[in-house]
1. If I stretch the segment between residue 11 and residue 182 completely, what's the gain in nm (0.36 nm per residue apart, minus their alpha carbon distance), one decimal?
2. Keeping all protein chains in place, calculate the accessible area per residue for the range 1-47 (probe 1.4 angstrom), answer in Å².
3. What is the total of Lys pairs in the range 9-164 with C-alpha atoms under 26 Å apart, excluding same-chain pairs fewer than 8 positions apart?
4. Of the labelled options (i) 21.7; (ii) 21.0; (iii) 23.8, which one gives Kirkwood radius over Cα pairs in Å as computed for this structure?
5. Kindly provide the trypsin sites (Lys or Arg not before Pro) of the range 1-82 that DSSP labels as loop, not H, G, I, E or B, and whose Cβ sees at most 13 other Cβ atoms within 10 Å.
6. Using a probe of 1.4 angstrom, how much of the accessible area of the chain is carbon and sulfur, in percent?
7. Please report the spacing between the Cα centers of the range 32-71 and the range 282-354 in Å, no decimals.
8. I need to check one value: relative contact order of the chain, counting alpha carbon pairs closer than 8 Å and at least 6 residues apart, in percent.
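The values are calculated or read from the model by the stated rules, or taken from the named source; none is laboratory data. The structure presented is a predicted model; accordingly, all values stated were derived computationally and were not measured. Please note: Cβ atoms are built from the backbone with ideal geometry, for glycine as well, and neighbour counts cover all protein chains shown. Quick note on the areas: whole protein, heavy atoms, side chains included, nothing else; ligands and nucleic acids left out. Shrake-Rupley method; radii C 1.70, N 1.55, O 1.52, S 1.80 Å.
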Amino acid sequence: MYKFFFKLHLYAAIVICPILLIFAITGSLMAFEPEIDHLVHARLSYVEPGVKALSLAAIGDKVHAAFPKDTIASYNLATSPDISYLVYTNMRAVYIDEYTGKIPGTMTKPDFWENTQQNIHQLHLRLAFRDKNDIGKSIMTWAGVILLIILPSGLILWWKQKRVSIRWKEKPRLVWFDIHSLIGIGAFTILMISAFTGVMIGFENKVTPMFYQLTGSKPTPMPDIKITPQPNTKLISPDSALQIARRTLPGAAPFNINVAGLSDTYDIRCRYAEDRTPGGRSRVILDPYSGKVLYAEGSRTAPAGRKITVINRAIHTGDIFGMFSKIIMSLTSLALGFQVISGLRMWWLRKWKKKAETKVAG
(Lines give C-alpha, C1' and ligand atoms only; values in the text may rest on other atoms or scores of the structure.)
Protein backbone atom coordinates (compact mmCIF):
# COMPACT_ATOMS: atom_id res chain seq x y z
CA MET A 1 0.00 0.00 0.00
CA TYR A 2 2.88 2.36 0.78
CA LYS A 3 4.31 1.82 -2.72
CA PHE A 4 0.87 2.41 -4.23
CA PHE A 5 0.40 5.74 -2.44
CA PHE A 6 3.98 6.72 -3.19
CA LYS A 7 3.49 6.21 -6.92
CA LEU A 8 0.07 7.87 -6.82
CA HIS A 9 1.49 10.89 -5.02
CA LEU A 10 4.57 11.11 -7.25
CA TYR A 11 3.07 10.68 -10.70
CA ALA A 12 -0.08 12.70 -10.04
CA ALA A 13 2.10 15.57 -8.83
CA ILE A 14 4.45 15.30 -11.83
CA VAL A 15 1.52 15.38 -14.27
CA ILE A 16 0.05 18.61 -12.89
CA CYS A 17 3.18 20.24 -11.41
CA PRO A 18 3.12 23.19 -13.91
CA ILE A 19 -0.49 23.92 -12.95
CA LEU A 20 0.33 23.61 -9.24
CA LEU A 21 3.06 26.22 -9.69
CA ILE A 22 0.56 28.51 -11.41
CA PHE A 23 -1.89 27.98 -8.54
CA ALA A 24 0.86 28.78 -6.05
CA ILE A 25 2.27 31.93 -7.62
CA THR A 26 -1.01 33.48 -8.76
CA GLY A 27 -2.83 32.54 -5.55
CA SER A 28 -0.20 34.14 -3.33
CA LEU A 29 -0.54 37.41 -5.27
CA MET A 30 -4.31 37.39 -5.67
CA ALA A 31 -4.78 37.31 -1.90
CA PHE A 32 -3.53 40.91 -1.82
CA GLU A 33 -4.89 42.34 -5.09
CA PRO A 34 -6.37 45.56 -3.61
CA GLU A 35 -3.40 46.16 -1.31
CA ILE A 36 -0.87 45.69 -4.11
CA ASP A 37 -2.90 47.94 -6.40
CA HIS A 38 -2.93 50.70 -3.79
CA LEU A 39 0.82 50.38 -3.22
CA VAL A 40 1.60 50.43 -6.95
CA HIS A 41 -0.58 53.53 -7.36
CA ALA A 42 0.24 55.02 -3.95
CA ARG A 43 0.38 58.61 -5.21
CA LEU A 44 -3.11 58.25 -6.67
CA SER A 45 -4.71 55.93 -4.12
CA TYR A 46 -3.90 57.32 -0.67
CA VAL A 47 -5.52 60.46 0.78
CA GLU A 48 -5.52 62.20 4.15
CA PRO A 49 -8.77 61.23 5.90
CA GLY A 50 -11.10 64.20 6.42
CA VAL A 51 -14.19 64.86 8.47
CA LYS A 52 -16.76 64.21 5.74
CA ALA A 53 -16.62 63.17 2.10
CA LEU A 54 -18.02 65.48 -0.58
CA SER A 55 -21.32 64.56 -2.21
CA LEU A 56 -21.22 62.78 -5.55
CA ALA A 57 -22.72 65.91 -7.11
CA ALA A 58 -19.77 67.97 -5.86
CA ILE A 59 -17.28 65.32 -6.96
CA GLY A 60 -18.96 65.15 -10.36
CA ASP A 61 -18.67 68.95 -10.69
CA LYS A 62 -14.93 68.75 -9.97
CA VAL A 63 -14.48 66.08 -12.63
CA HIS A 64 -16.56 68.01 -15.18
CA ALA A 65 -14.55 71.15 -14.48
CA ALA A 66 -11.27 69.31 -15.08
CA PHE A 67 -12.52 67.30 -18.08
CA PRO A 68 -15.49 69.14 -19.62
CA LYS A 69 -15.74 66.81 -22.64
CA ASP A 70 -15.98 63.63 -20.53
CA THR A 71 -19.20 61.86 -19.55
CA ILE A 72 -19.25 60.25 -16.12
CA ALA A 73 -20.22 56.57 -16.19
CA SER A 74 -19.78 55.46 -12.57
CA TYR A 75 -18.33 56.22 -9.16
CA ASN A 76 -16.19 53.92 -7.01
CA LEU A 77 -16.52 54.89 -3.37
CA ALA A 78 -13.72 53.85 -1.05
CA THR A 79 -14.80 51.92 2.03
CA SER A 80 -11.55 52.86 3.77
CA PRO A 81 -11.18 56.52 4.83
CA ASP A 82 -7.58 56.81 3.55
CA ILE A 83 -8.31 55.61 -0.02
CA SER A 84 -9.36 57.96 -2.82
CA TYR A 85 -12.56 57.71 -4.83
CA LEU A 86 -12.45 56.66 -8.49
CA VAL A 87 -14.66 58.27 -11.10
CA TYR A 88 -14.91 56.44 -14.40
CA THR A 89 -15.73 58.50 -17.47
CA ASN A 90 -16.00 57.55 -21.12
CA MET A 91 -12.36 58.64 -21.54
CA ARG A 92 -10.46 57.88 -18.33
CA ALA A 93 -10.39 56.77 -14.70
CA VAL A 94 -10.12 59.82 -12.43
CA TYR A 95 -8.65 59.48 -8.94
CA ILE A 96 -10.10 62.12 -6.66
CA ASP A 97 -9.68 63.09 -3.00
CA GLU A 98 -13.23 62.75 -1.68
CA TYR A 99 -12.59 65.31 1.09
CA THR A 100 -10.94 68.15 -0.87
CA GLY A 101 -11.96 67.44 -4.46
CA LYS A 102 -8.31 67.46 -5.52
CA ILE A 103 -7.48 65.22 -8.48
CA PRO A 104 -4.04 63.59 -7.96
CA GLY A 105 -4.07 61.92 -11.36
CA THR A 106 -5.90 59.93 -14.00
CA MET A 107 -5.49 56.80 -16.05
CA THR A 108 -6.59 56.75 -19.68
CA LYS A 109 -5.80 53.07 -20.23
CA PRO A 110 -4.74 50.11 -18.08
CA ASP A 111 -1.12 50.38 -17.00
CA PHE A 112 1.41 47.57 -16.66
CA TRP A 113 0.21 46.50 -13.21
CA GLU A 114 -3.49 46.45 -14.16
CA ASN A 115 -2.72 44.32 -17.21
CA THR A 116 -0.51 42.07 -15.08
CA GLN A 117 -3.20 41.81 -12.41
CA GLN A 118 -5.80 40.79 -14.98
CA ASN A 119 -3.44 38.24 -16.52
CA ILE A 120 -2.68 36.77 -13.08
CA HIS A 121 -6.40 36.48 -12.39
CA GLN A 122 -7.13 34.77 -15.69
CA LEU A 123 -4.16 32.42 -15.30
CA HIS A 124 -5.45 31.31 -11.92
CA LEU A 125 -9.02 30.87 -13.14
CA ARG A 126 -8.59 29.41 -16.62
CA LEU A 127 -4.93 29.34 -17.70
CA ALA A 128 -5.70 32.59 -19.56
CA PHE A 129 -7.68 30.60 -22.16
CA ARG A 130 -10.62 32.48 -23.62
CA ASP A 131 -12.99 30.22 -25.50
CA LYS A 132 -16.72 29.58 -25.44
CA ASN A 133 -16.29 26.16 -23.82
CA ASP A 134 -14.05 27.55 -21.07
CA ILE A 135 -11.59 24.68 -21.46
CA GLY A 136 -9.00 26.46 -19.32
CA LYS A 137 -11.38 26.60 -16.37
CA SER A 138 -12.11 22.88 -16.71
CA ILE A 139 -8.39 22.09 -16.73
CA MET A 140 -7.78 24.13 -13.58
CA THR A 141 -10.81 22.63 -11.83
CA TRP A 142 -9.78 19.05 -12.53
CA ALA A 143 -6.24 19.89 -11.47
CA GLY A 144 -7.81 20.94 -8.18
CA VAL A 145 -9.52 17.53 -7.97
CA ILE A 146 -6.16 15.81 -8.50
CA LEU A 147 -4.66 18.03 -5.79
CA LEU A 148 -7.34 16.70 -3.45
CA ILE A 149 -5.90 13.23 -4.16
CA ILE A 150 -2.24 14.27 -3.88
CA LEU A 151 -2.63 15.89 -0.45
CA PRO A 152 -4.17 12.93 1.45
CA SER A 153 -1.72 10.51 -0.21
CA GLY A 154 1.11 12.73 1.04
CA LEU A 155 -0.34 12.61 4.54
CA ILE A 156 -0.45 8.80 4.37
CA LEU A 157 3.21 8.69 3.30
CA TRP A 158 4.19 11.03 6.15
CA TRP A 159 2.20 9.02 8.68
CA LYS A 160 4.54 6.04 8.36
CA GLN A 161 7.47 7.99 9.85
CA LYS A 162 5.74 10.99 11.45
CA ARG A 163 8.98 12.95 11.19
CA VAL A 164 8.82 16.58 12.30
CA SER A 165 12.54 17.35 12.17
CA ILE A 166 15.14 17.81 9.45
CA ARG A 167 18.23 15.63 9.18
CA TRP A 168 20.58 18.38 8.04
CA LYS A 169 23.70 16.17 8.15
CA GLU A 170 22.25 13.41 6.00
CA LYS A 171 22.37 13.09 2.20
CA PRO A 172 20.69 15.90 0.17
CA ARG A 173 17.81 13.67 -0.85
CA LEU A 174 16.92 12.97 2.78
CA VAL A 175 17.24 16.65 3.69
CA TRP A 176 14.86 17.57 0.89
CA PHE A 177 12.54 14.75 1.94
CA ASP A 178 12.37 16.08 5.51
CA ILE A 179 11.78 19.67 4.37
CA HIS A 180 9.10 18.51 1.94
CA SER A 181 7.40 16.45 4.64
CA LEU A 182 7.57 19.16 7.30
CA ILE A 183 6.14 21.91 5.10
CA GLY A 184 3.55 19.54 3.67
CA ILE A 185 2.20 18.48 7.05
CA GLY A 186 2.25 22.08 8.30
CA ALA A 187 0.27 23.40 5.33
CA PHE A 188 -1.91 20.32 4.84
CA THR A 189 -5.15 21.56 6.42
CA ILE A 190 -5.18 24.98 4.73
CA LEU A 191 -4.15 23.46 1.39
CA MET A 192 -7.04 20.99 1.62
CA ILE A 193 -9.45 23.81 2.41
CA SER A 194 -8.08 25.92 -0.45
CA ALA A 195 -8.25 23.05 -2.94
CA PHE A 196 -11.76 21.98 -1.88
CA THR A 197 -13.22 25.51 -2.03
CA GLY A 198 -11.48 26.08 -5.38
CA VAL A 199 -13.04 22.93 -6.82
CA MET A 200 -16.44 24.09 -5.54
CA ILE A 201 -15.96 27.37 -7.40
CA GLY A 202 -14.83 25.52 -10.52
CA PHE A 203 -17.98 23.39 -10.51
CA GLU A 204 -20.22 26.27 -9.39
CA ASN A 205 -22.80 25.63 -12.13
CA LYS A 206 -23.50 22.24 -10.56
CA VAL A 207 -22.62 22.99 -6.94
CA THR A 208 -24.64 26.19 -6.44
CA PRO A 209 -28.01 24.55 -7.26
CA MET A 210 -27.01 21.77 -4.86
CA PHE A 211 -26.45 24.33 -2.08
CA TYR A 212 -29.95 25.70 -2.62
CA GLN A 213 -31.43 22.20 -2.66
CA LEU A 214 -29.63 21.11 0.52
CA THR A 215 -30.73 24.23 2.41
CA GLY A 216 -34.27 24.24 1.03
CA SER A 217 -33.80 27.80 -0.21
CA LYS A 218 -34.29 29.48 -3.58
CA PRO A 219 -32.34 32.23 -5.38
CA THR A 220 -33.74 35.74 -5.10
CA PRO A 221 -35.54 36.13 -8.43
CA MET A 222 -34.16 38.82 -10.71
CA PRO A 223 -37.09 40.65 -12.34
CA ASP A 224 -37.20 41.40 -16.04
CA ILE A 225 -36.43 45.11 -15.76
CA LYS A 226 -37.22 47.49 -18.61
CA ILE A 227 -37.00 51.23 -18.16
CA THR A 228 -39.12 53.35 -20.49
CA PRO A 229 -37.43 56.69 -21.25
CA GLN A 230 -39.31 59.72 -19.87
CA PRO A 231 -37.67 62.73 -21.52
CA ASN A 232 -39.73 65.28 -19.55
CA THR A 233 -39.06 63.69 -16.16
CA LYS A 234 -35.92 64.42 -14.16
CA LEU A 235 -33.80 61.51 -13.02
CA ILE A 236 -33.05 61.18 -9.33
CA SER A 237 -29.44 62.06 -8.51
CA PRO A 238 -26.71 59.51 -7.70
CA ASP A 239 -26.65 60.92 -4.14
CA SER A 240 -30.38 60.23 -3.76
CA ALA A 241 -29.88 56.73 -5.17
CA LEU A 242 -27.19 56.09 -2.55
CA GLN A 243 -29.52 57.22 0.24
CA ILE A 244 -32.22 54.84 -0.97
CA ALA A 245 -29.70 51.98 -1.17
CA ARG A 246 -28.56 52.67 2.41
CA ARG A 247 -32.16 52.63 3.62
CA THR A 248 -32.85 49.43 1.70
CA LEU A 249 -29.83 47.62 3.13
CA PRO A 250 -29.24 49.22 6.56
CA GLY A 251 -25.61 48.97 7.65
CA ALA A 252 -24.29 48.26 4.15
CA ALA A 253 -21.76 50.68 2.65
CA PRO A 254 -22.25 51.42 -1.07
CA PHE A 255 -18.96 51.25 -2.96
CA ASN A 256 -19.99 51.44 -6.60
CA ILE A 257 -22.79 53.21 -8.46
CA ASN A 258 -23.38 53.79 -12.13
CA VAL A 259 -24.75 57.04 -13.56
CA ALA A 260 -28.14 56.08 -14.95
CA GLY A 261 -29.25 57.15 -18.40
CA LEU A 262 -32.79 57.69 -19.70
CA SER A 263 -33.35 53.93 -20.11
CA ASP A 264 -30.91 52.62 -17.48
CA THR A 265 -31.41 51.59 -13.88
CA TYR A 266 -29.26 52.65 -10.97
CA ASP A 267 -27.16 49.63 -9.99
CA ILE A 268 -25.55 50.06 -6.56
CA ARG A 269 -23.07 47.56 -5.15
CA CYS A 270 -22.75 47.48 -1.36
CA ARG A 271 -20.72 45.79 1.32
CA TYR A 272 -21.37 45.07 4.98
CA ALA A 273 -18.54 45.29 7.51
CA GLU A 274 -18.22 41.50 7.57
CA ASP A 275 -18.10 41.32 3.74
CA ARG A 276 -14.34 41.64 3.50
CA THR A 277 -14.17 40.64 -0.14
CA PRO A 278 -13.40 43.69 -2.36
CA GLY A 279 -16.36 42.97 -4.64
CA GLY A 280 -18.98 42.89 -1.91
CA ARG A 281 -21.99 40.62 -2.14
CA SER A 282 -24.94 43.03 -1.79
CA ARG A 283 -26.80 44.85 -4.53
CA VAL A 284 -29.66 47.30 -5.02
CA ILE A 285 -31.27 48.19 -8.37
CA LEU A 286 -33.46 51.31 -8.60
CA ASP A 287 -35.82 52.94 -11.06
CA PRO A 288 -33.93 56.12 -12.10
CA TYR A 289 -37.11 58.24 -12.22
CA SER A 290 -39.05 57.22 -9.13
CA GLY A 291 -36.29 55.72 -7.01
CA LYS A 292 -38.40 52.57 -6.57
CA VAL A 293 -36.41 49.52 -5.49
CA LEU A 294 -36.64 47.00 -8.32
CA TYR A 295 -34.27 44.42 -6.84
CA ALA A 296 -32.32 44.09 -3.62
CA GLU A 297 -30.25 41.35 -2.07
CA GLY A 298 -27.97 41.79 0.92
CA SER A 299 -25.48 39.24 2.10
CA ARG A 300 -27.11 39.27 5.55
CA THR A 301 -30.58 38.44 4.29
CA ALA A 302 -29.66 36.41 1.20
CA PRO A 303 -31.02 32.86 0.83
CA ALA A 304 -29.00 30.16 2.60
CA GLY A 305 -27.75 28.70 -0.68
CA ARG A 306 -26.37 32.08 -1.70
CA LYS A 307 -24.73 32.56 1.70
CA ILE A 308 -22.88 29.25 1.40
CA THR A 309 -21.60 30.25 -2.05
CA VAL A 310 -20.39 33.60 -0.70
CA ILE A 311 -18.68 32.01 2.32
CA ASN A 312 -17.01 29.41 0.10
CA ARG A 313 -15.49 32.15 -2.07
CA ALA A 314 -14.42 34.20 0.94
CA ILE A 315 -12.64 31.18 2.41
CA HIS A 316 -10.87 30.41 -0.88
CA THR A 317 -9.63 33.97 -1.39
CA GLY A 318 -8.63 34.38 2.25
CA ASP A 319 -11.02 37.30 2.76
CA ILE A 320 -13.04 35.46 5.41
CA PHE A 321 -11.14 36.88 8.44
CA GLY A 322 -9.50 39.89 6.83
CA MET A 323 -5.76 40.45 6.75
CA PHE A 324 -4.91 37.51 9.01
CA SER A 325 -6.57 34.91 6.78
CA LYS A 326 -5.21 36.58 3.63
CA ILE A 327 -1.67 36.24 4.95
CA ILE A 328 -2.30 32.59 5.87
CA MET A 329 -3.75 31.81 2.44
CA SER A 330 -0.91 33.60 0.63
CA LEU A 331 1.78 31.79 2.63
CA THR A 332 0.00 28.48 2.05
CA SER A 333 0.03 29.14 -1.70
CA LEU A 334 3.77 29.77 -1.52
CA ALA A 335 4.14 26.54 0.46
CA LEU A 336 2.43 24.67 -2.37
CA GLY A 337 4.96 26.14 -4.80
CA PHE A 338 7.84 25.04 -2.59
CA GLN A 339 6.33 21.56 -2.34
CA VAL A 340 6.38 21.27 -6.11
CA ILE A 341 10.00 22.41 -6.31
CA SER A 342 11.19 20.20 -3.43
CA GLY A 343 9.24 17.23 -4.79
CA LEU A 344 10.82 17.61 -8.22
CA ARG A 345 14.23 17.95 -6.60
CA MET A 346 13.75 14.70 -4.66
CA TRP A 347 12.55 12.95 -7.80
CA TRP A 348 15.59 14.14 -9.72
CA LEU A 349 18.03 13.07 -6.97
CA ARG A 350 16.30 9.70 -6.81
CA LYS A 351 16.67 9.22 -10.56
CA TRP A 352 20.31 10.31 -10.39
CA LYS A 353 20.96 7.81 -7.57
CA LYS A 354 19.38 4.98 -9.57
CA LYS A 355 21.49 5.83 -12.62
CA ALA A 356 24.62 5.85 -10.48
CA GLU A 357 23.71 2.46 -8.97
CA THR A 358 23.05 1.03 -12.44
CA LYS A 359 26.47 2.14 -13.66
CA VAL A 360 28.18 0.59 -10.64
CA ALA A 361 26.29 -2.65 -11.12
CA GLY A 362 27.21 -2.70 -14.83
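1. Values: separation 171, 0.36 × 171 = 61.56 nm, distance 2.04 nm.
Full extension from residue 11 to residue 182 adds 59.5 nm.
2. Working: 2580 Å² over 47 residues.
Dividing the accessible area of the range 1-47 by its residue count gives 55 Å².
3. Numbers: 52/62; 52/102; 62/102; 62/109; 69/102; 69/109.
Lysine pairs satisfying the spacing and distance rule in the range 9-164 number 6.
4. After the calculation, the listed value that fits is (iii).
5. Details: sites: 3, 7, 43, 52, 62, 69; in loops: 52, 69.
Answer by residue number: 52, 69.
6. On the way: 12880 of 20520 Å².
So the carbon and sulfur contribution to the accessible surface is 63 percent.
7. Using only Cα atoms to place each centre, the spacing works out to 28 Å.
8. Working: 514 pairs, mean separation 71.2, N = 362.
Once normalised by length, the contact order is 20 percent.
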